[in-house]
Amino acid sequence: MLAGCGGSGESAGGGKVVLRYTWWGNPDRAERTERAVALFEKQHPDVDVTTSFSGYDAYEQKLATQAAGGDAPDVMQLDYRQIDQYASGGVLLDLARRKSVLRTSEIDPGLLATGRVDDVQYAIPQGRGTETVAYDVRTWKQSGVPLPGDGWTWSQWADTMRALAKKTGKPGATDPGQSEDAFEVWLRGRGKALYTEGGQLGFTAGDLTRWWTFTDRLRRQGAVSPAEQTTQLDGSVENTPLGR
């Protein structure tokens, strides 16, 4: 999601408007984003865009500090779960005030709605993501363990990770216990969600206990990466066991 701060861009020399734009990601994503920014500046020669990025954890902390100090960037990337937090804090701009220059007709209505809070459009989706599983096909085939298939249950996935660890001597997967996204997928498989439509928690303490008990057992069995590696995860691919 891309959201706009309630403040206005500063003026630079020559009458240009300076916009601060920040996002999270790795250098590859930054390079692609910078190319898009360059195209925007070419089409809008009266605007200069200053950019910055970092890994997700550092980004989240810095953005919260900037917003609390009244110094949020003009355009920022937000996870859909953060929009309510910043909108209710008065940080985000009601984009209906810029409706004449925002072309949203080609965006799927359901996707566009994820940027709304109380029927106010505070953010515009810049893409659609999904949960995926990446794996080393060569190593997997060498282990003799059957390749992933459609329709796996969590129990089947866990059994496969144990089998991989036994065959290869290495954890079968990255520990999912630290991942809010993985927890959300697990909840949805049980007919629940992170939040209700009313903005309340959609799960119980018992649900979270069962999830953490499940993932803790996998760590202790060596089926997923150990706790000392989990504590190093910061949202970047480079610091995942697969990335290393």
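No lab work stands behind these numbers, since they all come straight from the coordinates. Keep in mind the model is a prediction, meaning the values are calculated, not measured. FYI the Cβ positions are ideal-geometry reconstructions off the backbone, even for glycines, and counts take in every protein chain you see.
Numbers for the structure displayed
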read-out	value
Cα shape, segment 2-124, gyration tensor, a/c 1.5 rule	rounded
For residue 49, distant residues with modelled amide H under 5 Å away	19
Antiparallel DSSP beta bridges within the chain, percent to nearest 5	50
Cut-off 15 Å between beta-carbons: net charge of the residues surrounding residue 132, Lys and Arg +1, Asp and Glu -1	-4
0 to 90° range, to nearest 10: angle between helix 56-68 axis and the chain longest Cα axis	40
Degrees, to the nearest 10: 27-43 long Cα axis against longest axis of the chain	20
Sequence-distant lysines (8 or more away, or on other chains) whose Cα lies within less than 30 Å of residue 167	141
Protection proxy ranking, peptides 161-169, 112-120, average beta carbon neighbours within 10 Å, highest first	161-169, 112-120
Built amide H within the under 5 Å cut-off of residue 195, gap 5+	202
Partners for residue 42 among lysines (Cα-Cα distance below 28 Å; same-chain residues under 8 apart left out)	16, 99
Nearby lysines by direct alpha-carbon distance to residue 62 (threshold 25 angstrom, same-chain neighbours under 8 apart not counted)	none
